[in-house]
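Below is one structure, written out as structure tokens, with a few remarks after it.
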Amino acid sequence: MSETAARVRVSFADDIAYVALARPEQHNGMDFAMLREMLAAQRQLRRQAGVRAVILSGDGPSFCAGLDVKSVLQHPLRASWMYTQLWWPFRNDFQRWSLGWRKLGVPVIACIHGNCFGAGFQLALGADLRFCTPDARLSILEAKWGLVPDMGGAVLLRELVPIDVAKELTMTGRIFSGAEAKALNLVTHVADDPLAAARSLVAEIATRSPDAVAAGKFLLQQAWRGGDFGAARAERLWQRRLIGFANFRIALARNREQKDFPWAKRRL
């Protein structure tokens, strides 16, 4: 595949945005072009208030087999520039690969199959929910290359597993199945058909106010690791941003009249 060929494909159906890694012959190994296109997809979707959910997937035999090291080493000047981002006092492009999905006011669901290693694993962690086949192969693989998980992994792992589990998986880089990932709480659900399961959940979420869904996501991200004072403050802030606005009034009418009035476009 040429450097200019699309690495990330964005499509829309029934108010769902489908973001697919499109480098199947390389098991969707992440190169610089894929990183650039993924960040562009995030920016595009943040501007689209009509979208109710994002589903991440990978074409071909794997979700994402991680960083394509060979490809990166073929571009030493670009690699050197990316290396300088380790000195930035804010999120770099590699971290936005996963953490950027937390800025979207809709549920982001990763559908995992095949290999999900390194950068792919951290991309999946950046989603709000993860559906995974039982026989998928997952790994925090960076130790194999003498590295640590630095694409948002440390931020995201702490929300899901105890520190001893995170240390074991990080230090060993061992490969584990989708079934074990569920037992470790690293994926939300195991499903033979993750895409169908994700669509079913999106249909359920779509019955709720899009503003309430967005506010709930942002509230929990702010409050989950904060102290009691900060968490309570976040509750008050996000509730103020809902009460009295259009989708709040529609929710009241839906409950009062037992009719499925259409929701207004998402504000948050």
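Some observations on this one:
- Take every Cα pair under 8 Å whose residues are at least 6 apart in sequence, average their separation, divide by the length of the chain, and the relative contact order is 15 percent.
- Taking the chain as a Gaussian network of alpha-carbon nodes connected by springs under 10 Å, the highest mean-square fluctuation of the residues Ala196, Ala79, Ala33 belongs to Ala79.
- GNM remark for the chain: springs join alpha carbons under 10 Å apart, and the peak mean-square fluctuation among Gly100, Gly50, Gly153 falls on Gly50.
- What the Cβ-Cβ distance of Trp87 and Trp145 gives, at R0 = 25 Å and to the nearest 0.05, is a FRET efficiency of 0.75.
- Computed FRET value (nearest 0.05) for His189 with Gln74, which takes r as the C-beta separation and R₀ as 41 Å: 0.60
- When the chain is described by a simple charge dipole with +1 on each Lys and Arg Cβ and -1 on each Asp and Glu Cβ, the residue from Leu195, Leu252, Val69 located farthest towards its positive end is Leu252.
- In plain terms, the residue of Thr188, Thr170, Thr207 with the fewest other Cβ atoms within 10 Å comes first and the most crowded comes last, giving Thr207, Thr170, Thr188.
- In terms of overall dimensions, the C-alpha atoms belonging to region 210-257 reach 39, 15, 14 Å along their principal axes, ordered largest to smallest.
- Cross-link partners for Lys70 among the aspartates and glutamates, with Cα-Cα distance under 12 Å and sequence neighbours closer than 8 places in the same chain left out: Asp31.
- Between Glu235 and Ile175, the modelled label-to-label distance comes to 4.6 nm, taking each label 7 Å out from Cα in the direction of the beta carbon.
- Taking the DSSP beta bridges with both ends in region 8-205, the antiparallel portion is around 30 percent.
The numbers here are math on the coordinates, done by the rules we state, and not lab data. Note that the structure is a prediction, hence the values are computed from the model and not measured. Backbone-built Cβ (ideal geometry, glycine too); neighbour counts: all protein chains shown.
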